[in-house]
Amino acid sequence: MFLGTYTPKLDDKGRLTLPAKFREDLADGLMVTKGQDHSLAVYPRDEFAARARKAAAASRTNPKARAFIRNLAASADEQTLDGSGRITLSPAHREYASLSKECVVIGSVGFLEIWDLESWNKYQEETEAAFSAADDDDILSGLL
């Protein structure tokens, strides 16, 4: 399970060190793809394959399903951790997520998200009121 918030630095070669506590779960390979809200999503290889198969099973006549699977698959980049626990983010991924040197890696239970620090802080400010006000009758119905 991926939990917590970490602030690694992106180096000049586009390499990002992932938190040590997550490396064992990613040792067999991982997939980096576009995430939502202009973040990057990092999945263990097997988890990504399961999600991709599930998404691909959606009706191809549904334009939203087609767009989702196209974006998911087209932006996927298979990676392995190097000896220092780093991955190399492609220029396209760095541009999509507007990554600077200052990054944030957050655990999202089944996967990781990579954000630019400024974008993450802005997102947190924009969503704090909704998070604080959420209750069972709202968006969390059936989740908690």
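Data for the structure
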| read-out | value |
| --- | --- |
| Percent RCO, i.e. relative contact order, over the stretch 1-101, from Cα pairs under 8 Å lying at least 6 residues apart | 38 |
| Across Lys9/Lys64; Lys21/Lys101; Lys34/Lys122, pairs whose alpha-carbon gap is larger than 26 Å | Lys9/Lys64 |
| Residue exposure sequence - Met31, Met1 - by fewest surrounding Cβ within 10 Å | Met1, Met31 |
| Computed magnitude of the charge dipole of the chain (debye, nearest 20; Cβ of K, R +1, Cβ of D, E -1) | 820 |
| Trypsin sites (Lys or Arg not before Pro) restricted to DSSP loop in the stretch 23-60 with at most 11 other C-beta within 10 Å | Arg60 |
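Readers should treat all values here as calculations from the given coordinates under stated rules, not as data from a laboratory. This one's a predicted model, so the numbers in the text were calculated from it and none came from an experiment. Don't worry about glycine lacking a Cβ; one is built from the backbone with ideal geometry, like all the others, and counts go over all protein chains shown.
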